[in-house]
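> Can you read through this structure? Questions will come right after.
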């Protein structure tokens with residue numbers, strides 16, 4: 001029996017060394033490419049699994065603390081407070097201003113700027129850590145940011161530009177193609193590495209190289225259980241090469257009036 005076990009052990013050792021391929025550790029650049037591809041495809045949970053989720057948990061807890069602190073300190077404004085700051089303000093105006101301030105605060109969804117499709121702080125706290133990270137990444141994506149800004153715009157009076165039937169629809173049609181992140185290089189290191197990422201706005205005209213109009217950023221990667229994982233930060237670049245929230249603004253173009261005749265000197 002002992003001899004059979006020894007032979008089996010020797011066979012396994014030989015197969016491990018020459019017979020079967022071994023799982024290869026993904027490089028830092030490969031991890032970042034997988035992360036950007038998952039973001040582009042909207043696979044937020046797959047992207048979240050490439051983060052250092054232990055570090056993300058501290059970010060979630062900080063957000064929960066901030067949300068509850070803000071809500072705990074907020075109180076409704078009163079007309080008396082408005083009139084105290086401006087003694088000349090009529091009572092009716094003070095009531096209107098206080099009402100507008102209260103409605104604005106209640107309508108502003110601070111959580112939606114950090115986490116997509118999370119209705120409350122309690123809901124955020126109850127999410128599994130990888131799902132919470134996925135919602136955090138989704139909130140940084142252009143699709144969610146556009147949906148969030150459209151929702152806010154619907155609460156305000158509609159913007160109507162001269163000669164335009166539907167300004168919001170026209171703006172959606174003429175959106176720019178988003179830029180893309182390009183990996184420029186990576187540093188060496190056993191436990192921590194930096195992957196340098198540039199922003200490409202497309203090929204330069206009459207040239208066979210990409211055009212970079214912004215200074216590069218970097219992603220930090222650390223070893224977690226033997227695999228490279230991205231450190232989540234508020235300045236972490238996405239597949240567009242940018243970080244943070246973007247706000248869509250819609251305005252009407254006002255063309256200057258041109259006189260029929262211009263006096264020449």
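Coordinate-derived values only; no laboratory data. On a predicted model such as this, the values are computed, not experimentally measured, just so you know. Note that we place each Cβ from the backbone using ideal geometry, even for glycine, and neighbour counts take in every protein chain shown.
> Neighbouring Cβ atoms within 10 Å as the yardstick, rank 49, 234 fewest first.
Details: 49 16, 234 9.
Arranged by neighbour count, lowest to highest, 49, 234 become 234, 49.
> Taking neighbour counts of Cβ atoms within 10 Å as a proxy for exposure, in what order, fewest first, do 33, 150 appear? It would help to have the intermediate numbers written out before the result.
Working: 33 16, 150 12.
By the 10 Å Cβ count, ascending, the order reads 150, 33.
> When ranked by the protection proxy of mean other Cβ atoms within 10 Å per residue, highest first, what sequence do the peptides 92-98, 80-86 form? Numbers along the way, then the final one.
Values: 92-98: 15.6, 80-86: 13.1.
Result, highest mean first: 92-98, 80-86.
> Place the peptides 137-145, 53-61 in order of packing, highest mean first, counting for every residue the other Cβ atoms within 10 Å and averaging per peptide. Mind dumping the intermediate values first?
Values: 137-145: 19.9, 53-61: 15.4.
Top to bottom by mean Cβ count within 10 Å: 137-145, 53-61.
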